[in-house]
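Scroll down for the structure; my scribbles are underneath it.
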Amino acid sequence: MEVPILKQSDYLIATIQAALTDEDLLKLHYALVEQVGKHRSRGVIIDVTALDIMDSFATRTLRSLVHMVKLRGADTVICGIQPEVAFTMVQLGLTLEGISTALDLEEGLALLTTSNNKKRKI
């Protein structure tokens, strides 16, 4: 299943709408990294609200994606992690340490906007 990637102002928004195979996750990974440069994006939001499980491969892939996007000059926020998913991730020792997270898309956009405004002032 292909994940839609929408451009909203200076940001890209990828909304995962159903469970993804490992191959789908890798496709999303490469597509987002490429589109950050193509659109000169300042930020990426990955909405995982629809996911009811995140395994170790998905967690590693998201961590890798966030670091690659950062190397391309953009910030990333992962939003919508469900309470049960967060509980399971912690129990399994799967972390998103150092990665910005938000409750929902609205909060994710606000977080990116605040972050980018601070960078512009420096």
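We did not get these values from a lab; they are worked out from the coordinates using the rules stated. Keep in mind the model is a prediction, meaning the values are calculated, not measured. Please note: Cβ atoms are built from the backbone with ideal geometry, for glycine as well, and neighbour counts cover all protein chains shown.
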| request: Taking amide H positions as placed in the peptide plane 1.01 Å from N, state which residues far from LEU12 in sequence (5 or more) or on other chains have amide H under 5 Å from it. | output: GLY43, VAL44, ILE45
| said: Can you give the longest run of the chain that contains no GluC sites (Glu not before Pro) sitting in a DSSP loop with at most 16 other Cβ atoms inside 10 Å? | reply: 3-96
| note | Semi-axes (Å, rounded, descending) of the ellipsoid equivalent to the chain per its C-alpha gyration tensor are 22, 16, 13
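Does segment 63-109 come out rounded, prolate or oblate, given a ≥ b ≥ c as the square roots of the eigenvalues of its C-alpha gyration tensor, rounded meaning a/c under 1.5 and, failing that, prolate meaning a/b above b/c? Working shown, then result.
Numbers: a/c = 3.57, a/b = 1.38, b/c = 2.59.
Oblate shape, in that a/c is at least 1.5 and b/c is the bigger or equal ratio.
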